[in-house]
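Visitor: Structure provided below as structure tokens; questions to follow.
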Amino acid sequence: MKYSYKLVSDYIAGNIGKREMLDYLDSLGLNPLVTSEEDGDLIFELETPANRGYLLSLSGVAREILPFTGSALKLPDDSLAENIEAEIPVKIENRKDCPYYSCRIMKDVSNGVSPEWMEKSLGKMGYRSSFNTVDASNFVMAETGQPLHIFDLDRIEGRVEIRRGRKGESVVTIDGKKREIDGDVLVIADEVKIIAVAGIMGCEVSEVRADTKNILIESAVFNPAVVRRGSKKLGLTTEASLRFERGIDSATSVKGMSRVTHLINKTGKGNVGKLTEAGKREEKVTEITLEVCRVGKVLGIKVEESFIADILERLNFLTEKGKNTYKIVPPPYRNDIKEDVDIIEEIARYGKYSEIPSLMPVASISPTSPAEEIAKVEKIKDIAVKLGFSEFINMGLTNKRNTGLSRNKEAVPLENPISANLEFLRSSLIPEVLESIQFNICRDFRELNVFELGKVYSGISTEVQEEENLLFASVNSGDFFSFKGRIEKFFSECGFKNLSFSKKPHVFASDNNELALSGKAGMGNIFVLSPDIQALYGLDREDIYVCELYLDRFIDEVNFKRSFVELARFPSCRRDFSFIFPQSIVWEKIKNTIFSLGLPVEKIDFFDLYRGKNMEKGKISVSFAVLFRHPEKTLENAEVKDFSEKIVKAITNKLKGRLRGENTKC
Amino acid sequence: MDLKILREKIDGVYRNALKEIESIKDEAELENWKVKYLGRKGEIKRIFSLLPGLAEDLKKEAGSMLNEVKNKLSGTYENARNSSGGGEKEEVNLSFPGKPVFPGYLHPISVVTRQMTGIFEKLGFGIATGPEVETSYYNFEALNIPEGHPARDAWDTFYINEAERILLRPHTSPVQIRTMEKTSPPLRVVSVGKCFRRDAVDATHSPVFHQMEGFMVDRDINFSHLKGVLTYFINQMFGEKVGVKFTPSYFPFTEPSAELSMTCIVCKGKGCSVCKSSGFIEVLGCGMIHPEVFRNVGYDAGKYSGFAFGMGIERMAIIKLGITDIRYFYQNNMRFIEQFI
């Protein structure tokens, strides 16, 4: 609803300026937004918090301002005189669904247009004008916050019952839509049909029409959670349901009934029947004890007791003062007040938050938990950046095509997605990264080195596995081995010494190597993107290499601790070798063969692979350098020569390699 | 003759050739140099003539070595000829741009997150994380947002299995509950992570965003401390001159609750379209932790008190970096990412 300065002012005894009203509302955090100004009035909207249902009314907003001004609430006239005996029997199926229900018959009402003031007021609040009877009910809802409903009495058959809907029932609500009803929805029914969806909307069958003469007015309290569930189920939120969801009290209900009777009587004459009530005018009283010292303890500022007492009174809270305490009973419409902090918030709101100082807390130094894994993840991102990779962040919500590619993983769908494009939780980082790559290539950014670190999800809906993955991708920037070199560097930075690769198929790859760390397989995959996948993502013409890592599986072993290693004091001696091997030779084997000889080998650097014209078919030439260094002495030429011979012999015998050339660089 | 001797020979020729060309003064001398080293009876040819007498593999190796040297010297000759126009070495023109380099960049969300957590770490806050797939208990009930309460409308939530109460967290507040369940007070912690809400994508909304949650619990923590810590944060993040305003708000898990606004960065508080002429922009929500939350995690609400706050990372980045559209964060356009360090 919208509010107007003049309409709110009608409920305040005494004068209050426009600016003043807006400033008060602003300082209460209700963020008034003026939408229009007309004939000396201001129309504005408010952001009303979900726990303060009473603010969805003119009198509620007036009450909110009163503590600032000290003026009284001006109650509208609700006098009436019952002059006929007519009554209708009411039955409540379950008091929990409907704690209080009241209704009243009015006969021979003239059902026509509303007076001008009524039409105008409704217009300001954003309501459409209808018959005077219906207008009165809407106006009183806006005044008091109590939703009311007017039925055409002559279209109700027998008694009125408040009950749950039954499976198979359906209604046509006054918006002309047919709706299926079930046990989750509370309805108002007569002996043969449903006449309203309780607390949400009336039905066409009992709607007030131009020829309506006799009416039944309803003013009730429905269970907020039940109304909310029904409203969600039907996908129907109304001015009434918003208010019932936030909670209505029976005192407001009673007031709403007498005021609407008064107004209809005034605008449409007619005879007033007796008030029929079912259920109880609830008397649930919340008594809260407020220790005065708590106010200062929570707010950090000394608040004068006189101010507290004053505010409590102006808020219409019943108080009983004890020794340093107050026993407080909030008015029934304040269902947001449940314990002492709620009252302290009221004191702070009216004392203005700006009066509270800004201070740094005095706290004991408590070493925070090391959160090692979080620190590791950040460091990993730094290393990725250092190696020239830029970070991508994708949503992680994706479509069926993308999740469908990872066939060995059960993708997790959302029950209530907002679009088919964001229907699943991603089961791999690859598809979204490929899409982002394609996005860049379309914008002529063709050379990319990127990484993404994020969660992937799989499993059944009740047991979703969340795994942290890390993905590297290289696009049009060097060959596979320059990419692999950086991945190897990444792992050595992370403290892994033993890295090995073995051939294994992968759904996104043409050629894939599975990665093992310290002998543990399944830590990741490094591969050349398959042509099919490239085509699927519009990347046919790009050179793309990908490394997908299952971070959770090895993050515990990531080690950034370093300690100084004494620099070598004796010179090294390098020998270059070229061997001819069968094409299927695995580099690991060459390396391991040499290391297993127990020679003082510091490192082995691969530097060339040749498969040219002068080579026998099915053979390759592999060149590498071996660096010898002894920790305690300078190696003699003869010793190195001996080492080299041992290497040549081992490779010749164990790996069927044939020496092509040897070179000395000491 | 073994390879070693041959190599020394070749190296020797190469070194001499380079040395001689240094002192050449005119074109005639350059031509003489060419004849001497690359000519039909030049030094290179002379060594080539030795090859036929060698073993087969040695011959191959030496041949490729010689070819390499020959190519290098030819290049040297060409260069010298091209630059010997006036007989003087041409000056290098340093005005041309350098070669481009391509370092890696962190995503701006990471950049801003680090700035934010860094400020709280200075105040002794630890860092925690939690799952993105959450249960309704941690996400709602434990935070004093009971089922059927209209306050739930503020978190339009994606469900994975609503009947079993499994959802994608729409805020990082469940980490507060998880951390408090595991740790006794005193504690001060921030947590950053991805959150999900059923918002359609537009310039200011995204169904996926990041949030930072923070809280501090100890004896004698009060509202003035909430104001003190968050004002410090805003001043560290946006500068000492930025004005900060706290106004009442509502969150089920804090009472009293507040909203922090700061003077609009764009108009400096004068009023513009960004701040809807109010001079202030809303930055974050906060409040004193509700006693019900303490009861839910087994803290003594009479003994301890605390404050909590939550804010959007993208929103902070948008304000801090002047980004105009939230969609940029998830497009991964390199021209966007490489703007920030």
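The values are calculated or read from the model by the stated rules, or taken from the named source; none is laboratory data. In this text the structure is predicted, and so the values were computed from the model without any measurement. Note that we place each Cβ from the backbone using ideal geometry, even for glycine, and neighbour counts take in every protein chain shown.
Visitor: Quick check on my filter: what residues within segment B:119-143 are more than 10 Å from every other protein chain (Cβ to nearest Cβ), closer than 13 Å to residue B:179 by Cα and among the hydroxyl-bearing types (Ser, Thr, Tyr)?
Guide: B:138
Visitor: Let me confirm something: among A:408, A:449, which residue is at pLDDT below 95 and either within 25 Å of residue B:330 (Cβ to Cβ) or polar (S, T, N, Q) (or both)?
Guide: Of A:408, A:449, the one residue that is at pLDDT below 95 and either within 25 Å of residue B:330 (Cβ to Cβ) or polar (S, T, N, Q) (or both) is A:408.
Visitor: Right, another one. Report yes if residue B:295 is of a type in the set (Lys, Arg), more than 10 Å from chain A (Cβ to nearest Cβ) and in contact with an Asp or Glu (Cβ under 9 Å, 6 or more places away or on another chain), otherwise no. Show your work before the answer.
Guide: On the way: of a type in the set (Lys, Arg): yes; more than 10 Å from chain A (Cβ to nearest Cβ): yes; in contact with an Asp or Glu (Cβ under 9 Å, 6 or more places away or on another chain): no.
Answer is no for this residue.
Visitor: Let me ask you something else. Quick one: which strands (runs of 3 or more DSSP E) lie wholly within segment A:283-392 and hold at least 2 residues that are within 14 Å of chain B (Cβ to nearest Cβ)? Let's see the steps before the verdict.
Guide: On the way: elements: A:288-291, A:318-321, A:325-329.
Those strands (runs of 3 or more DSSP E) span A:288-291.
Visitor: Being of a type in the set (A, V, I, L, M), outside any strand (DSSP E or B) and in contact with a Ser or Thr (Cβ under 8 Å, 6 or more places away or on another chain) is the filter here, so list the residues in segment A:175-231 that pass it. Spell out the reasoning first.
Guide: Quick first cut of segment A:175-231, residues of a type in the set (A, V, I, L, M) only: A:181, A:185-189, A:192, A:194-198, A:200-201, A:205, A:208, A:210, A:215-217, A:220-221, A:225-227.
The next check asks that each one be outside any strand (DSSP E or B); those that pass are A:181, A:185, A:192, A:198, A:200, A:205, A:208, A:210, A:225-227.
Residues satisfying the conditions are A:181, A:200, A:208, A:227.
Visitor: Within segment A:628-647, is even one residue free of Cβ contacts under 8 Å to residues at least 60 places away in the same chain, under 60 Å from the mean Cα position of the chain (by Cα) and either assigned to a strand (DSSP E or B) or within 14 Å of chain B (Cβ to nearest Cβ) (or both)?
Guide: Yes - at least one qualifying residue is present in segment A:628-647.
Visitor: Within segment B:152-167, is even one residue within 23 Å of the chain's Cα centre (by Cα) and either touching a residue at least 24 places away in the same chain (Cβ under 8 Å) or more than 9 Å from chain A (Cβ to nearest Cβ) (or both)?
Guide: Taking segment B:152-167 as the starting set, the residues that turn out to be within 23 Å of the chain's Cα centre (by Cα) are none.
No: segment B:152-167 contains no residue that is within 23 Å of the chain's Cα centre (by Cα) and either touching a residue at least 24 places away in the same chain (Cβ under 8 Å) or more than 9 Å from chain A (Cβ to nearest Cβ) (or both).
Visitor: Please state which one of A:532, A:540 is part of a helix (DSSP H, G or I), surrounded by fewer than 16 Cβ atoms within 10 Å (Cβ to Cβ) and under 38 Å from the mean Cα position of the chain (by Cα). Walk me through how you get there before you give the answer.
Guide: On the way: A:540 fails: part of a helix (DSSP H, G or I).
Answer to the selection: A:532.
Visitor: Output the number of residues of segment A:214-263 satisfying the condition of being under 26 Å from the mean Cα position of the chain (by Cα) and away from chain B (no Cβ under 14 Å).
Guide: So in segment A:214-263, the residues under 26 Å from the mean Cα position of the chain (by Cα) come out as A:224-239, A:241-247.
Next, only the ones that are away from chain B (no Cβ under 14 Å) stay: A:234, A:236.
Summing the residues that are under 26 Å from the mean Cα position of the chain (by Cα) and away from chain B (no Cβ under 14 Å) in segment A:214-263 gives 2.
Visitor: Looking for something in contact (Cβ under 8 Å) with a residue 12 or more places away in the chain, of a type in the set (Lys, Arg) and surrounded by 16 or more Cβ atoms within 10 Å (Cβ to Cβ) - is there at least one such residue anywhere in segment A:504-519?
Guide: Initially, segment A:504-519 is screened for residues in contact (Cβ under 8 Å) with a residue 12 or more places away in the chain, giving A:504, A:506-519.
Remaining after also requiring of a type in the set (Lys, Arg): A:504.
Still in the running and surrounded by 16 or more Cβ atoms within 10 Å (Cβ to Cβ): none.
There is no residue in segment A:504-519 that is in contact (Cβ under 8 Å) with a residue 12 or more places away in the chain, of a type in the set (Lys, Arg) and surrounded by 16 or more Cβ atoms within 10 Å (Cβ to Cβ).
Visitor: Still on this structure, I have one more. For the condition at negative phi, assigned by TED's automatic domain parsing to the domain that holds residue B:128 and outside any loop (DSSP other than H, G, I, E, B), what is the one hit in B:317, B:301?
Guide: On the way: B:301 fails: outside any loop (DSSP other than H, G, I, E, B).
Every option except B:317 fails the conditions.
Visitor: Answer with yes or no whether residue A:427 is touching a residue at least 24 places away in the same chain (Cβ under 8 Å) and facing chain B (nearest Cβ under 8 Å).
Guide: So residue A:427 does not fit the description; no.
Visitor: Taking residue B:217 as the residue in question, decide whether it is buried (at least 23 other Cβ atoms within 10 Å of the Cβ), in contact (Cβ under 8 Å) with a residue 24 or more places away in the chain, part of a strand (DSSP E or B) and of a type in the set (Val, Ile, Thr).
Guide: Details: buried (at least 23 other Cβ atoms within 10 Å of the Cβ): yes; in contact (Cβ under 8 Å) with a residue 24 or more places away in the chain: yes; part of a strand (DSSP E or B): yes; of a type in the set (Val, Ile, Thr): yes.
In short, yes.
Visitor: In segment B:320-335, which residue that is in a helix (DSSP H, G or I) and more than 10 Å from chain A (Cβ to nearest Cβ) is modelled with the highest pLDDT?
Guide: Filtering segment B:320-335 for residues in a helix (DSSP H, G or I) gives B:320-321, B:328-331, B:334-335.
Now drop any that are not more than 10 Å from chain A (Cβ to nearest Cβ), which leaves B:320-321, B:328.
Numbers: B:320: 92, B:321: 92, B:328: 97.
Among those that are in a helix (DSSP H, G or I) and more than 10 Å from chain A (Cβ to nearest Cβ), it is B:328.
Visitor: Follow-up question, since we're still on this one. Please enumerate the residues belonging to segment A:393-416 that are crowded, with 17+ Cβ neighbours inside 10 Å and within 13 Å of chain B (Cβ to nearest Cβ).
Guide: A:393, A:394, A:395, A:396, A:397, A:398, A:411, A:412, A:414
Visitor: Looking for something facing chain A (nearest Cβ under 10 Å), surrounded by fewer than 22 Cβ atoms within 10 Å (Cβ to Cβ) and assigned to a strand (DSSP E or B) - is there at least one such residue anywhere in segment B:220-243?
Guide: No: segment B:220-243 contains no residue that is facing chain A (nearest Cβ under 10 Å), surrounded by fewer than 22 Cβ atoms within 10 Å (Cβ to Cβ) and assigned to a strand (DSSP E or B).
Visitor: Collect the residues in segment B:1-43 that are outside any helix (DSSP H, G or I) and not basic (Lys, Arg), keeping them in residue-number order.
Guide: We begin by selecting, within segment B:1-43, every residue outside any helix (DSSP H, G or I); these are B:1-2, B:23-26, B:39-42.
Of everything in segment B:1-43, those that are outside any helix (DSSP H, G or I) and not basic (Lys, Arg) turn out to be B:1, B:2, B:23, B:24, B:26, B:39, B:42.
Visitor: Taking the condition free of Cβ contacts under 8 Å to residues at least 60 places away in the same chain, away from chain A (no Cβ under 13 Å), among the polar types (S, T, N, Q) and farther than 23 Å from residue B:294 by Cβ, does residue B:93 pass?
Guide: Working: free of Cβ contacts under 8 Å to residues at least 60 places away in the same chain: yes; away from chain A (no Cβ under 13 Å): yes; among the polar types (S, T, N, Q): yes; farther than 23 Å from residue B:294 by Cβ: yes.
In short, yes.
Visitor: Among the candidates B:148, B:75, single out the residue that is at positive phi and over 33 Å from the mean Cα position of the chain (by Cα). Talk me through it step by step, then tell me what you get.
Guide: Numbers: B:75 fails: at positive phi.
Going through B:148, B:75 in turn, the sole match is B:148.
Visitor: Filter segment B:108-126 down to residues that are surrounded by fewer than 19 Cβ atoms within 10 Å (Cβ to Cβ) and modelled with pLDDT under 95, then give me how many there are.
Guide: Residues in segment B:108-126 being surrounded by fewer than 19 Cβ atoms within 10 Å (Cβ to Cβ) and modelled with pLDDT under 95: 4 in total.
Visitor: Let me ask another. Within segment A:256-282, count every residue that is under 21 Å from residue A:132 (Cα atoms) and assigned to a loop (DSSP other than H, G, I, E, B).
Guide: 2
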